[in-house]
Each structure stands twice: as structure tokens, then as C-alpha cells.
1. Between SER30 and TYR3, what is the spin-label point distance in nm, taking each point 7 Å from the Cα along the Cα→C-beta axis?
2. Pop a pseudo-label 7 angstrom from the Cα along the beta-carbon direction at both LYS56 and GLU21 and give the gap in nm to one decimal.
3. Equivalent-ellipsoid semi-axes (√(5λ), Cα gyration tensor) for region 3-54, whole Å, largest first?
Amino acid sequence: MNYAELKKAYDLVIQKCSALEKEVDELKKSNEDKDLRIEHLTELVVKRNKMLFGQKSEKAKFINDGQLAF
């Protein structure tokens, strides 16, 4: 191989590396977005479960001496 062919091959490798670095950055951003979405949905599920299965307000009404309020 002569210098021109080596230079051309080198330039192609650099272009591919640049494209791969860009793709990696895009995938990292996509991954971060998905992590945030998962966190948000997890919080919604926790909130929903507390609303459905949490302590009911009727059971929490006590008078100071320990008797239930009617």
C-alpha cells in the first residue's frame, strides 16, 4: 500500500469512529430518558398502591383515650 491508500483507509476509519461515537452518545441519551420514564412510572405505581391498599381513613379515627370515634 502506498501513502495515498493508507491515508484514505485512515480517513475512513476516523469517519466510522466518529459515527460510532455519535451513536453511542445517542444511545446514552435514550437510556437516560428511559431510566427517567421508569422512575416516573414506578412512583406512579407506588402512589396507586398506597391509594388502593394503604391505611383507610375510617380505621385511623381514634379518640385520645384509645376508643374508636363513632
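1. 4.2
2. Computed distance between label sites LYS56 and GLU21 equals 6.3 nm.
3. Working from the Cα gyration tensor, I get semi-axes of 50, 5, 4 Å.
We did not get these values from a lab; they are worked out from the coordinates using the rules stated. Nothing here was measured: the structure is a model prediction, and the numbers come from that model. Ideal geometry is used to build each Cβ from the backbone, glycine not excepted, and the neighbour counts take in all protein chains shown.
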